[in-house]
Amino acid sequence: MSSVIRRDFLKTGGALIIGFSLRESLPAEDRGSVAGPPDAKQIDTWLAIHTDNTATVYIGFAELGQGNSTALLQVAAEELDLEMSQVRTVQLDTNVTPNQGGTYSSASIQRGGPQVRTAAAEARQALLQMASQKLEAPVEHLTVAKGVVSVAGSPDRSVTYGALVPDKPFHLAFTGTAPVKPPAEYKVVGARIPRNDIPDKVNGRYVYVQHVHLRGMLHGRVVRPRGQRAYGSGAKVGSLDESSIAEIPGARVVRRGDFVGVVAENEWDAVRAARQLKVTWDTAPTLPTQARLHEQMRAAKTTDRVVVQRGDVAGALAKAAHVVSESYRGPYQAHAPFGPNCAVAHVMPDRALVVCSTQDVYGTRNGLARLLDMPAEKIRVQYYEGSGTFGHSCYDDAAQAAALLSRLADKPVRLQFMRWDEHGWDNYGPAHVGEVQVASDAAGKIIAYQYEGWQHNWSAVETSAQLAGTPAADWPGGAAQQVSALNCGGMYDIANLRLVNHQLPGKDYLKGGWLRSPLDLSFSFASEQTIDALAYLAEIDPYQFRRQNITDARWLTVLDAVARSAKWTPRRAASQRSDGKVATGRGIGLGTHLVSYGAAVAEIEIHKETGRVVAKRLHGAVDAGLVVNPAFVENQISGQLVQTASRMFKEEVTFNTTNVTSLDWNSYPVLRFEECPEVTPIVVQRLNERSTGAGEEVMAAAAAAIANAFFDATGVRVREYPLTPSRVLAALSRAA
Amino acid sequence: MPGELKIRVNEQVRTVSAAPDTPLLYVLAGELELQGPRFGCGLAQCGSCSVLVNGVETRSCVTPVSDVQGKSITTLEGLPAWYAAQKKLRSAPPLHPVQQALIDEQAVQCGYCFNGMIIKASELLSKVPQPTEAQIRTAMNGHLCRCGTYPRVIKAIQRASRAMAGVA
């Protein structure tokens with residue numbers, strides 16, 4: 001289907017039947033007509049077999065460019081004995097697709113893989129039973145290839161899946177009890193099948209959420225201060241002069257409380273009106289002074305929690321041969337999706353349709369239900385991919401802003417955030433202070449480890465809802481918001497260990513949210529530099545030092561894999577420093593997110609006169625258990641390595657006491673082509689281990705490897721990232 | 001006030017009703033419903049909205065529509081035909097070699113930046129058919145990618161360069 005037809009279909013389809021996917025979602029004639037989530041205990045919720053001997057698999061995970069929409073089809077095709085050309089999926093839609101939880105924590109394959117696998121296996125089992133009756137042969141005598149069931153030895157006695165269930169429901173309970181294939185028999189799973197979404201993404205036919213239009217819609221923009229204040233303070237309108245846009249035909253102001261927007265039939269008129277509208281805002285300072293941010297965090301009254309405590313850390317420290325005690329700082333960083341978030345909403349008195357690029361259509365629906373004071377089942381949320389979000393960017397805020405604009409204007413509205421809206425009102429990855437103490441005996445065995453971390457939680461209320469009157473609230477606690485038992489020493493065998501989390505009051509700081517590998521870059525930047533410093537004191541090569549303190553076979557395997565890839569030769573760090581203007585160094589690091597195993601080696605170059613640091617080569621290895629498609633994970637590792645370089649060298653949200661000031665790509669620079677490292681991704685395939693996340697599990701290791709390479713090159717520890725030229729020059733001059 | 005303007009897009013003359021100062025992007029993406037050029041920053045900083053104007057990569061988000069009257073605009077959608085005309089091929093291939101190379105390298109992640117990547121790489125190869133890696137990096141430096149696909153984009157441009165050398 002060409003893009004134009006798709007868009008026409010969207011337009012002529014009318015507001016509540018948008019989405020070409022619905023045509024593909026038969027057999028159940030009523031699929032899509034009732035609010036979801038569809039019953040996860042029914043096979044029909046998960047897949048449908050069509051007359052033409054193909055299958056539609058209903059997947060509850062969002063394609064975000066990581067390839068999960070292809071990989072989960074590989075899982076289904078494998079169990080169903082279908083070819084990849086015989087399976088397809090549909091767009092996420094709260095009336096159509098199951099609720100598998102959001103596409104968070106790189107869990108599509110980890111959590112969704114087993115569900116899709118067992119559902120497909122159970123459907124296959126049912127199909128074989130039907131075929132057994134039809135062909136009058138026992139199930140044990142049947143074989144399947146490409147969806148054709150045959151009697152072994154009598155290929156003329158056969159029937160297709162499509163003939164057995166021709167666009168008809170199974171009406172079968174999903175019990176999860178059907179046997180699945182042993183990994184040794186996998187043909188499709190584990191294969192490097194190309195991604196389904198790529199051809200349309202390069203020929204221009206891919207429909208991004210930014211391309212979705214509804215008939216009769218208006219274009220909307222929000223009007224906010226340039227750059228957020230402290231989360232708890234929101235934004236307060238002082239005065240608003242509607243006559244300031246009177247000359248723009250068809251543009252008008254809509255407002256609820258401090259939520260201000262403009263709508264217009266013509267998009268450029270909406271952009272102009274938002275720019276031109278005269279609004280004054282409360283400018284009382286609410287933010288910390290940026291230069292003193294980490295000191296304020298360290299001194300703040302916090303809610304404390306001991307995450308892990310074992311052995312006697314103080315006692316072990318007292319008798320250690322080598323002790324390192326260091327403090328590290330991480331910045332606020334932005335999601336800054338390349339295309340700002342966009343959403344289209346049609347809110348009617350008794351129901352609503354919202355099209356957006358959320359990680360979780362059901363979660364977004366709940367937020368909209370609260371905002372619109374409408375039962376969740378009256379709201380239909382459909383997913384179209386936006387640009388890479390890497391966590392909780394402004395997609396929920398965009399969905400809510402579009403819904404509010406639509407309700408206030410009483411028309412369908414397409415809301416497109418401008419660059420400064422997205423950069424300035426993001427849920428940033430929170431800043432962090434980490435204080436680490438690590439000790440070893442004379443032989444270099446780690447005997448004590450302590451990590452104390454300071455940061456605030458994520459923000460639970462979207463800006464649109466907050467400005468319209470909902471009070472700010474911190475996200476409830478969770479593993480990804482506090483000191484990580486895995487990244488903070490968890491890979492090493494340490495008898496005496498203590499991890500303490502200090503939770504800051506979120507309303508005094510910037511809005512927070514999960515940003516790819518949340519907090520992990522900061523944890524490993526601190527923890528793995530301290531481990532490296534201990535290796536240095538013990539005069540042991542940093543790779544060997546790690547090896548001798550690890551017994552877990554999976555950590556050892558990724559560590560060895562990355563060292564082998566980088567042709568690591570043993571020597572003490574900082575033992576080959578150069579007096580020249582350009583120093584080169586290498587570093588190694590370990591880390592992950594909540595699961596899986598990551599290891600990285602960095603080779604970097606430091607221009608001592610300018611303070612410029614460039615990563616020349618990054619190697620990253622991941623063990624994520626059974627990898628459904630190694631090519632996809634390699635692409636994810638490559639992307640993570642480049643993004644980590646960007647976050648370690650460039651990215652830092654800036655603010656004054658009134659507003660965030662990093663509002664575009666000049667004030668919030670990211671890595672570009674000329675500074676991009678060579679990358680080597682390494683996948684450790686483990687067919688017999690359960691699949692775990694692979695979309696963010698090597699960034700922490702890479703962050704640490706970069707920092708350790710800096711020490712190797714200069715003999716100087718960097719205490720704070722990003723390693724901007726001014727920070728690097730300051731560190732070098734302090735050391736000199 | 002909106003008036004009638006004629007612009008040449010992908011070798012077709014299109015009549016559009018837009019105020020002369022309207023950025024070209026809003027005309028292409030809105031009125032003409034093209035999906036190639038897309039909004040990224042509105043500040044000419046990222047390359048999301050790029051098109052070719054008389055063969056030169058141009059940021060359509062800051063280019064008033066009145067500026068391109070009488071010029072030839074090529075968007076992602078028209079790139080295979082633009083390539084065919086350049087190479088004097090009898091008919092347009094389904095994809096420009098850069099597009100095919102990006103598929104072959106499986107370079108894409110979210111793909112939102114690839115409109116600009118493809119436009120810029122096509123412009124580069126039209127001027128420098130066999131660029132060095134350094135030339136590729138320099139030419140592409142004004143195009144951002146948040147997913148970190150740069151290494152594969154570089155490989156794809158090199159692959160496309162080799163493929164184009166094989167075309168008469």
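The values are calculated or read from the model by the stated rules, or taken from the named source; none is laboratory data. Because the structure is predicted, anything quoted here is derived from the model rather than measured. Cβ sites come from the backbone with ideal geometry, for glycine too, and all protein chains shown count toward neighbours. Surface accessibility is based on the protein's heavy atoms, side chains included, excluding ligands, DNA and RNA. Shrake-Rupley method; radii C 1.70, N 1.55, O 1.52, S 1.80 Å.
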Worksheet item: Between region A:477-506 and region A:182-237, what is the C-alpha centre distance in whole Å?
Response: 32 Å
Discussion item. Using alpha carbons only, how many angstrom separate the centre of region A:647-724 from the centre of region A:122-167?
Written reply: 52 Å
Worksheet entry | Shielding by partners - mean other protein chain Cβ count within 10 Å, residues of A:419-429 | 1
Worksheet item: Under a point-charge model restricted to the Cβ atoms of Lys and Arg (+1) and Asp and Glu (-1), what is the dipole moment magnitude of chain A relative to its Cα centre, in debye to the nearest 20?
Response: 960 debye
Worksheet item: How high is the FRET efficiency from A:A35 to A:K168, r the C-beta distance, R0 22 Å, rounded to 0.05?
Response: 0.40
Worksheet item: Where a Cα-Cα gap under 24 Å defines reach, which lysines qualify for A:K41, not counting those fewer than 8 residues away within the same chain?
Response: A:K168, A:K181, A:K378
Worksheet, complete the sentence: Here, B:E133 and A:L556, labelled 7 Å along Cα→Cβ, have an inter-label distance in nm of 3.5 nm
Fill in: Assigned charges on the beta-carbon of Lys, Arg, Asp, Glu; region B:78-165 dipole about Cα centre (debye)
160 debye
Item to complete: Subtracting the Cα-Cα distance from 0.36 nm times the residue separation, let me have the gained length for A:V614 to A:S85 in nm, one decimal.
Response: 186.1 nm
Worksheet, complete the sentence: One would report the antiparallel percent of DSSP beta bridges in the protein assembly as shown, rounded to the nearest 5, as 75 percent
Worksheet item: Where in chain A are the DSSP H helices whose alpha-carbon span along the long axis reaches 24 Å or more and whose Kyte-Doolittle mean is at least -0.5?
Response: A:113-135, A:520-537, A:630-649
Response to the item:
In region A:573-631, the GluC sites (Glu not before Pro) that sit in a DSSP loop and have at most 13 other Cβ atoms within 10 Å of their own Cβ are A:E609
Worksheet item: Relative to the longest principal axis of chain B, what angle (0 to 90°, nearest 10) does the C-alpha long axis of helix B:150-165 take?
Response: 80 degrees
Worksheet item: What accessible surface, in Å², does a 1.4 Å probe find on A:E697, ignoring ligands, DNA and RNA and rounding to the nearest 10?
Response: 0 Å²
Response to the item:
Quick calc, A:A145 & A:R192: beta-carbon distance into FRET formula, R0 22 Å, rounding 0.05, result 0.55
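If I compute solvent accessible area with a 1.4 Å probe over the protein chains, what percent of it on region B:78-165 is carbon and sulfur?
It is 53 percent, rounded to a whole number.
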Item to complete: Measure nothing fancy, just the Cα-based angle from helix B:114-127's long axis to the longest principal axis of chain B, in degrees from 0 to 90, nearest 10.
Response: 70 degrees
Response to the item:
Sorting A:K301, A:K608, B:K155 on solvent-accessible surface, 1.4 Å probe, most exposed first, gives A:K301, B:K155, A:K608
Worksheet entry | DSSP beta bridge pairing in region A:292-391, given as percent antiparallel to the nearest 5 | 45 percent
Fill in: Surrounding net charge for A:A121, when Lys and Arg each add one and Asp and Glu each subtract one, Cβ distance under 11 Å
-1
Item to complete: Add +1 for every Lys or Arg and -1 for every Asp or Glu among the other residues with Cβ under 14 Å from the Cβ of B:S48, and state the total.
Response: +3
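If the chain between A:A246 and A:E136 were fully stretched, how many nm would it gain, using 0.36 nm times the residue separation less the Cα-Cα distance?
Between A:A246 and A:E136, full extension yields 31.8 nm more.
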Worksheet item: Quick one: with all protein chains in place, what share of the accessible area of chain A is carbon or sulfur, to the nearest percent (1.4 Å probe)?
Response: 50 percent
Worksheet item: Cα centroid distance between region A:560-638 and region A:352-416, in Å?
Response: 40 Å
Fill in: Computed E for A:N366/A:V323 - FRET, C-beta separation, R0 45 angstrom, nearest 0.05
0.40
Item to complete: Could you state how much accessible area A:R647 has, in square angstrom rounded to the nearest 10, with a 1.4 Å probe and all protein chains kept in place?
Response: 10 Å²
Discussion item. Could you compute the net charge surrounding A:Q228? Neighbours are other residues with a C-beta less than 14 Å from the C-beta of A:Q228; K and R count +1, D and E count -1.
Written reply: -2
Worksheet item: For the pair A and B, how large is the buried accessible area, both sides, in square angstrom to the nearest 100, if the probe is 1.4 Å?
Response: 4800 Å²
Practice prompt. Taking all protein chains together and a probe of 1.4 Å, list A:E122, A:E689, A:E652 from the most accessible to the least accessible.
Written response: A:E689, A:E652, A:E122
Fill in: Label-point separation in nm, A:E689 to A:T177, each point 7 Å along Cα→Cβ
3.2 nm
Worksheet entry | Cα-projected label distance for B:V56 with A:D350, points at 7 Å along beta-carbon direction, nm | 5.9 nm
Worksheet item: Just the accessible area for A:R414, please: 1.4 Å probe, Å², rounded to the nearest 10?
Response: 10 Å²
Discussion item. Over region B:3-76, with the other protein chains present, what is the accessible area per residue in square angstrom, probe 1.4 angstrom?
Written reply: 34 Å²
Worksheet item: How much accessible area per residue does region A:31-137 have, in Å², with a 1.4 Å probe?
Response: 30 Å²
Item to complete: Go ahead and estimate [θ] at 222 nm for chain A from helices alone: -39,500 (n - 2.57) per DSSP H run with n ≥ 4, summed, over the residue count, rounded to 500.
Response: -8500 deg cm²/dmol
Worksheet item: Based on DSSP H runs of at least 4 residues, each adding -39500 (n - 2.57), what is the mean residue ellipticity at 222 nm of chain B after dividing by all its residues, to the nearest 500 deg cm²/dmol?
Response: -10000 deg cm²/dmol
